[in-house]
Amino acid sequence: MPGQVSAASRHSSFVVVANRLPVDRVNHADGSITWRTSPGGLVTALKPVMRENDGAWIGWPGSPDEKLEPFDEKGMALIPVTLSAQEVEEYYEGFSNGTLWPLYHDVIVAPEFHREWWDAYVEVNARFAELTADVADKGATAWVHDYQLQLVPAMLRQLRPDIKIGFFLHIPFPPTELFLQVPWRRQLLEGLLGADLIGFQRPGAAANFVRLVRHKLGYKTHRDRIYLPGGRTARAASYPISIDADGLEALARKPETIARAEEIRAGVGRPARVLLGVDRLDYTKGIRQRLRAFGELLRDGQCDVDEAVFIQVATPSRERVEQYRVLRNEIDRLVGRINGEQGRIGRPAIQYLHSSFPRSEMAALFTAADVMVVTPLRDGMNLVAKEYVSCRYDNKGALVLSEFAGAADELKQAFTVNPYDINGLKETLLTAMRADERDLGRRMRAMRRYIREHDVNRWARGFLADLHKEPPPD
Ligand code: ADP
Ligand code: F6P
């Protein structure tokens, strides 16, 4: 393994704590393994801060029973957390993705509540907190991420009251009446309150959290501040996450990317319009709704495969969770039916891909697409929408965006849709496909300006600056 370092030498003044490490394992034919930095924006955003502070990242490498020593990768110190097969089942697939994920996403599928899942969640959160307490220098900053680790802030504070603790929730925070279903709601709220600053994607989520804390825990609050027993004050506010806009645009401008985009268009038969969806294969993403709408437009003769072809990239995700298996089968059947009824030889209506692609291929796909279709039923942010915009330096292309994605707060010039309204979705798809260039240019320029000014670097620096700022007097 490259750059092995000893666990004992690993102390840091800046520690990122997330369910996953920011690297993907690459297995070679000779049995050796190496690691590749995962493409996510979070890594890009935190890299400079990690470098400035000799930062460490604590996370799970992604497979059960993997016992790895800490190692360095591309200037980041990575500290792996081991999860047993049973913990993967109960903490990750169970409480994180079978209870919290559906509950925090509008109960699109029914969340399951199991006491043994909760026990595993507590145990694994404690392991992350203990490791962080060991790694953090005196007075260090720890930044804890996402719904899998909501108990870590309080557990960590208990172990290390000297450090600054930030927490950021990447997914939506649910409405009060849904949150109250959780048998362990009090513990989750108290867990988060261990942080000095609790960040959410949307202002409504932060306000909702503060309200819950006031009503359910009885703590005094004022605007974004929460006054805790013992005299400490926590803050809850919104910090909409973003992308590495400059990096992605630079990739999209490369001649190789432009040539590859041409190849992609040729590969689907050069229709007048290429529509694109890019998602993890997740029931929150509204994949079924968008494909149904497109299938009906073809079936009813409102468009045909010479006018439009749909490329749907759907990376399989959380495949051992039942609801994800059900979704995969449903989408497989739906795509098969639409292609069987509407496709022609050499011209399927939907090109359906399960692969995971490098960034350069993603940039080429965004460049090739005339209409980007982003239709989640609920999404904390949706980075794909922002990535599409940052690739369209030609000011062409239309973004169809669900009003239930956090990104809709910011990308106001998108063609917005309610994905539950299939007729409305059909109309909007046609409008976006047939919009004139001036209208598209006006919309895209405004969205690009916004994304350039609100990139992921600004997000990370803004959060960390506020974490270290003394709160103003009441
Ligand atoms: P979520 O975090 O729920 O998966 P987002 O849209 O916010 O949804 O982020 C998904 C990220 O994963 C984006 O950066 C997107 O480019 C990337 N991504 C999605 N599908 C693929 C794929 N097939 N190959 C490579 N990257 C992908
Ligand atoms: O944004 C939500 C999130 O769960 C992240 O925490 C995670 O990195 C991503 O989606 C992919 O999910 P998973 O780690 O379960 O594959």
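When the stretch 134-287 is described by a simple charge dipole with +1 on each Lys and Arg Cβ and -1 on each Asp and Glu Cβ, the residue from H215, G199, G139 located farthest towards its positive end is H215. Using a cutoff of 8 angstrom between alpha carbon atoms and counting only pairs six or more residues apart, the relative contact order for the chain works out to 13 percent. Reported to the nearest whole Å, the Cα centre-to-centre distance from the stretch 206-221 to the stretch 120-142 is 25.
A crude spin-label estimate for the pair S38 and D137, with each label 7 Å from Cα along the Cβ direction, gives 2.7 nm.
Between the residues W35, G59, L251, the greatest Cα displacement towards the positive end of the dipole of the chain, with unit charges on the Cβ of Lys, Arg, Asp and Glu, is found for L251. Annotation note: trypsin sites (Lys or Arg not before Pro) in the stretch 306-403 located in DSSP loop regions with a Cβ neighbour count of at most 13 within 10 Å are R320, K396.
K74: which lysines have alpha carbons under 16 Å from its alpha carbon, excluding same-chain residues fewer than 8 sequence positions away? Candidates past the 8-residue exclusion: K47. Where only DSSP H runs of four or more residues are counted, the chain gives -12000 deg cm²/dmol as its mean residue ellipticity at 222 nm, each run worth -39500 (n - 2.57). Considering only the Cα atoms of the stretch 138-284, their convex hull presents on average a projected area of 13.2 nm².
Couplings 3J(HN,Hα) of the stretch 172-180, computed from phi: x, 9, x, x, 3, 5, 7, 4, 5 Hz, in residue order, whole Hz [Karplus 6.51 cos²θ - 1.76 cosθ + 1.60, θ = phi - 60°; x for Gly and Pro]. Taken about its Cα centre, the chain carries a charge dipole of about 1100 debye when Lys and Arg each add +1 at the Cβ and Asp and Glu each add -1 at the Cβ.
Shape class of the chain from the alpha-carbon gyration tensor: prolate, with a/c at 1.5 or above and a/b greater than b/c. Label separation (R337 vs N53): 5.1 nm, computed from points 7 Å beyond Cα along the C-beta direction. You can think of it this way: the chain between D394 and K412 has 4.6 nm of extra reach, that is 0.36 nm per residue less the Cα-Cα gap. Magnitude of the charge dipole for the stretch 144-291, about its Cα centre and with charges confined to Cβ atoms of Lys, Arg (+1) and Asp, Glu (-1), is about 540 debye.
We did not get these values from a lab; they are worked out from the coordinates using the rules stated. Please read these numbers as outputs of a predicted model, since none were measured by experiment. Every residue, glycine as well, gets a Cβ built from its backbone with ideal geometry; the counts of neighbours run over all protein chains shown.
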